[in-house]
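A.B. asks: Structure in structure tokens, see below.
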Amino acid sequence: MKKLLIAIDQSNTSHLFWAIVAAAILIAARMQAIQHGWINPDSVFYLEAAKLIVAGDFKGAYQIFKWPFYAICIGVVSKLTTFNVHLSAQLLNMMFFGIATASFLKIIQLSGGKNLALFAGGLLLFSNLYIVGDVLEMLMRDEGFWAFYLTSLVFFIRYYQLHKISDAIMWQICAIIAVLFRIEAITYLLLLPLIFTFDCQLNIKQRLTRLLHTYSIVLTALTIIFISIVTIDSISIKSFGRLQEVFSMNIWSVFTQNLMQKSTIMSEQVLGKYLEEYAVVGLLLTFTYVIIIKNITTLGLINLVLLGAHVKNKLNQINSDVKRVLLATCIISLINMSLIITKVFVLSSRYVVAFTFILLVGSALYLGHLFKKFTLRKKRGITIVIWFVIIISGLSLFKNLLTKESGYHYTQDAIEWVNNNFVSNHIFYEDSKMRYYAEAPFIGTGMYDLSTINNTNNTNKHFDLLVLNFGKHDQEKRKMIQQLLPEYKEIKRFYARKHKKYCAIYQKKM
């Protein structure tokens, strides 16, 4: 191991950098290969919208999803390559993860990391069980957001250090593209440049100049939007898709309404009249706990320990300018999480990943520091730590790349069996994912109403087969089918892993 680390430390930095990026692309390809076409329910939005974009129906694509940039990217790749939208999305997934990895490594370099820190960064990123193991395998907007969010940070850090206008322009372009993938990225675009107002080393003129440079495109775009809304009757803030969520006049009430409603329920039904004044505080403390747990699980315990050791030992590895930018980015990420959980009372781990990437930089720098110490002198304690990290990371990486177990694609297996054994245009698929797998016409997303299957007022609802999903808590659903649809008989089941879920095929009795 020592010889390998010495070889990495002495290798050409550029070669190592691009070798890790190439590995990222190959890993993304592997993650797609082991999926065999499995998609997240949200992916149906993007893929079906992309099909309409390829067909030239931009209005229809917009109606499916009102923030269609990712679907447009898929459609453009499909047009240019003549590949279907699914393969086009997979190619984008690989490209975006390659860009995200390159930018992540560049931030490590800008922070002061050398070859061993780059190697550590690649190892920790690729072995992350959530980023690579869960999200990367999905065809989601997130990979595009990661790519341009991290790239925007690279250019912002460079501008912060060198004050080149070209870097300020590129920061804004990349940040705007990140916003087009995920609207939540607008907080970085709008808030990160405010770091210059708190920089005591700059005078008033320098602060205003930095702000003007880093807000130039943003201010121009906002001015054009405002003039368009004021002067053109047919244009309103609703014409700009999800931007209305950000620039709504009642944005404060949007974020607090749900909180107030839930706190009222908590005070009345949980705490009672003697403790009712603590309802809001109790909810906020719960939110804080959820945010902490989500971040720990997304980052992983190994990375958390490495980051904690970095902070405890107060290593002076991170460049001071970079440290300010990354700290500001972390604060904005925490603001994002707080706003999201307050508004919708849900915090998907995918909203935590932006913060996780920054924390991974600190973990990688400390692991690179340990690698360096290990190559210089062999201490038992450092040797044990390094072998422990490498073994755990290696096992995590292996788990990420391991072929999926039997039953993982149980829904697709069910659809394939139906296609191979029946020729019928009258098949009821319970949700939009099933219809996508079956290449059936798109009729909307989500679950479809079982109670309308044999509505006598609509002959199109007379189906030969029903393809339905069941979980371990779906006893009522099974009873409802027996009561409402006695003319259907179950003929086949396809179980998921551990037999906790299954897809059942029902055939109408002759």
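The values are calculated or read from the model by the stated rules, or taken from the named source; none is laboratory data. All values derive from a computational prediction rather than experimental measurement. Cβ: placed from backbone, ideal geometry, glycine included. Neighbour counts: every protein chain shown. Note: accessible area is taken over every heavy atom of the protein model, side chains too, but ligands, DNA and RNA are not part of it. Shrake-Rupley method; radii C 1.70, N 1.55, O 1.52, S 1.80 Å.
A.B. asks: In Å³ and rounded to a whole number, note down the convex hull volume per residue for the Cα atoms of the chain.
C.D. replies: Working: hull volume 111.0 nm³, N = 510.
Normalising the Cα hull of the chain by residue number yields 218 Å³.
A.B. asks: Given a 1.4 Å probe and the protein chains all in place, what does the accessible area of residue 479 round to, in Å² to the nearest 10?
C.D. replies: We get 100 Å² for residue 479.
A.B. asks: If you don't mind, another one. Which length gain, in nm to one decimal place, applies between residue 87 and residue 59 when the Cα-Cα distance is subtracted from 0.36 nm times their residue separation?
C.D. replies: 7.8 nm
A.B. asks: Something else about it: Have a look at 65, 381, 258 and report the one farthest towards the positive end of the charge dipole of the chain, computed about the Cα centre with Cβ charges (Lys/Arg +1, Asp/Glu -1).
C.D. replies: In the chain, that residue is 381.
A.B. asks: While we're looking at this one, here's another question. So what are the radius of gyration and Dmax for the Cα set of the range 1-50, in Å?
C.D. replies: 17.8, 52
A.B. asks: May I pose another question? From largest to smallest, what semi-axes in whole angstrom does the range 1-154 give when each is the square root of 5 times an eigenvalue of its alpha carbon gyration tensor?
C.D. replies: 34, 15, 13
A.B. asks: Using Stokes-Einstein with the Kirkwood hydrodynamic radius over Cα pairs, what translational diffusion coefficient do you get for the range 19-89 at 25 °C and a viscosity of 0.890 mPa s, in µm²/s rounded to a whole number?
C.D. replies: Stokes-Einstein gives a translational diffusion coefficient of 191 µm²/s.
A.B. asks: For residue 489, which lysines qualify as cross-link partners when the Cα separation must be under 22 Å and same-chain residues fewer than eight apart are set aside?
C.D. replies: 461, 472, 477, 479, 500, 501, 508, 509
A.B. asks: Within straight cross-link reach of residue 205, meaning Cα distance under 22 Å, which lysines are found once same-chain residues fewer than 8 apart are removed?
C.D. replies: 164
A.B. asks: Shifting gears a bit: Got a sec? What order do 146, 67, 38 fall in by accessible area at 1.4 Å, biggest, i.e. largest, first? Write out the running numbers ahead of the final one.
C.D. replies: Working: 146 0, 67 25, 38 50 Å².
In descending accessible area the options line up as 38, 67, 146.
A.B. asks: May I pose another question? Arrange the peptides 118-128, 204-214 so that the one whose residues have, on average, the most other Cβ atoms within 10 Å appears first. Intermediate results must be reported in sequence, preceding the final value.
C.D. replies: On the way: 118-128: 24.5, 204-214: 15.2.
Taking the mean over residues of other Cβ atoms within 10 Å, the ranking is 118-128, 204-214.
A.B. asks: For the chain, what relative contact order do you get, as a whole percent, if you take Cα pairs closer than 8 Å and at least 6 residues apart?
C.D. replies: Computed value for the chain: 17 percent relative contact order.
A.B. asks: Right, something else. Which length gain, in nm to one decimal place, applies between residue 483 and residue 165 when the Cα-Cα distance is subtracted from 0.36 nm times their residue separation?
C.D. replies: That pair, residue 483 and residue 165, stretches by 107.5 nm at full extension.
A.B. asks: P(r) tail for the range 292-350, what percent of Cα pairs lie past 14 Å? Let's see the in-between values first.
C.D. replies: Details: 1168 of 1711 pairs.
Value for the range 292-350: 68 percent of Cα pairs lie more than 14 Å apart.
A.B. asks: I've got another one for you. What distance in nm separates the two pseudo spin-label positions at residue 495 and residue 301, each 7 Å out from Cα along the beta-carbon direction?
C.D. replies: Each label point is offset 7 Å from its Cα along the Cβ direction, giving 3.1 nm.
A.B. asks: Could I ask something else about it? Report, in deg cm²/dmol and to the nearest 500, the calculated mean residue ellipticity at 222 nm for the chain, where each DSSP H run with n ≥ 4 adds -39500 (n - 2.57) and the sum is divided by the residue count.
C.D. replies: Helix-only estimate at 222 nm: -21000 deg cm²/dmol.
A.B. asks: Label-point separation (nm) for residue 462 and residue 474, each offset 7 Å from Cα along Cα-to-Cβ?
C.D. replies: So the two model labels end up 2.6 nm from each other.
A.B. asks: Sticking with this one: Which value in nm describes the separation of the simple spin-label points at residue 261 and residue 292, placed 7 Å from the Cα toward the beta carbon?
C.D. replies: Roughly 2.9 nm, to one decimal.
A.B. asks: What angle, in degrees between 0 and 90 and rounded to the nearest 10, separates the Cα long axis of helix 320-344 from the longest principal axis of the Cα atoms of the chain?
C.D. replies: Tilt of helix 320-344: around 30 degrees.
A.B. asks: Under 24 Å between alpha carbons, and skipping anything fewer than 8 positions from residue 66 in its own chain: which lysines qualify?
C.D. replies: Counting by Cα, and skipping residues close in sequence, residue 66 has these lysines nearby: 51, 79, 238, 343, 433.
A.B. asks: Next up: Dipole of the chain, Cα-centred, from +1 at each Lys and Arg C-beta and -1 at each Asp and Glu C-beta, to the nearest 20 debye?
C.D. replies: Roughly 1760 debye for the chain.
A.B. asks: Take the Cβ-Cβ distance between residue 508 and residue 395 as r, set R0 to 45 Å, and report the resulting FRET efficiency rounded to the nearest 0.05.
C.D. replies: 0.35
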